[in-house]
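For reference, the structure is listed below as structure tokens.
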Amino acid sequence: MDAEAGAAAAQQLPWRQHYRNLLLLAYQSFGVVYGDLSTSPLYVYKSTFSGRLRQYQDEQTVYGVLSLIFWTFTLVPLLKYVIIVLSADDNGEGGPFALYSLLCRHAKLSLIPNQQAADEELSTYYRDGFAAQHESSPWLRRFLEKHKTVKTGLLVVVLCAASMVIGDGVLTPAISVLSSMSGLQVRATGLQERSVVLLSCIVLVGLFSLQHRGTQKVAFMFAPIVIIWLLCIGGIGLYNIVHWNPNIYQAISPYYIVKFFRTTGTDGWIALGGILLSMTGSEAMFADLGHFTSASVRLAFITIIYPCLILQYMGQAAFLSKNMFHTRTSFYDSIPGPVFWPVFVVATLAAVVGSQAVISATFSIVKQCHALGCFPRVKIVHTSRWIHGQIYIPEINWILMVLCVAVTVAFGDTTLIGNAYVLLA
């Protein structure tokens, strides 16, 4: 009996360790993966109503915008990334080059001399219940392997996707930090734009100076900030729903999307650029997969990220439905007065953390490009003894810092950076 009990305890220990590691990685993912996505409420409504949509400042327009945000956030980050894309990793790595490498291992598509045998063809995979597949190739695979033009086009698409992720690593830190610092102008009305830009640049330099400490240390430092931030904006959103418009939940119905486009026409289609900002940072969930695991990323998103952000978007919409002339600073204006300064401090810290997601994703993308021979040789520093994908690239870090500061100084306004981000996306 004692021997059996000991054996059972021995079998349970790995499972306990597995769940402990899962919770630990999920906790760390808040500080790296979700910082960018969680700070989107700072500028989504401002960017959406910054153009011609200001001519339609009424409650029904707000309902339509909220409905678009809800379904965009549900279909892309939740359905596309969390449920589908996170299952398509390449030995734990994510990103466009991971998908390309995965395709090249199972089909002769690569124009780069790095062809490898598929894992399933290795002898260690031949176990009980496994049968090698030698049937004729699917027609799509034969078509792709036969036409060199198609293979070239596929490589060009992958290179463009990787370039967009790297470009996101330049724009996202600038817009996130600048959005948070602009909250000072809500209370300090005499503060000039140049002062806000200068403070943003100082914060950006400090952020990039921390990267050499490694993903794990940065994650432990940043994760509590993001969790506090999410709980704060979720609670503020719930307060605004109850206080301003308890019926705002009706905007979830797609009926308001149809009504929105009937009313706004072309102006509504143009405003979709601002709606797109609600899912900025979603690509980091897949690109940063090498730093964590798919299970930990899914757990963090479903339990905290999704409900808190939906509550915040609904709360801002409830506030705007009764205060339409506050669209430019809707986030900060919707914060109850007694908690404004604490939330502002957390928002500033969260914006700094929000930049971490795309910075880590850029490191991973550059590493994959380098492995496939599509990027110049750079120094890659592995910052963890346990997670192979946690890396730091000094040259890329400092180049990103210079470009982020340059973008912040050149644009100086979140709306203009948001427009550039939409063109990039």
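Would you please give the FRET efficiency between Arg262 and Ala410, computed as 1/(1 + (r/R0)^6) with r the Cβ-Cβ distance and R0 = 56 Å, to the nearest 0.05?
Values: r = 38 Å, r/R0 = 0.69.
In this case the efficiency is close to 0.90.
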Could you work out the local net charge near Gly412, counting Lys and Arg as +1, Asp and Glu as -1, over the other residues with Cβ closer than 13 Å to its Cβ? -1
Listing Arg20, Arg377 by rising number of other beta-carbon atoms within 10 angstrom, fewest first, gives Arg377, Arg20
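No lab work stands behind these numbers, since they all come straight from the coordinates. Remember, predicted model here, so these are calculated numbers, not experimental data. We place every Cβ from the backbone using ideal geometry, glycine too, and count neighbours over all the protein chains shown.
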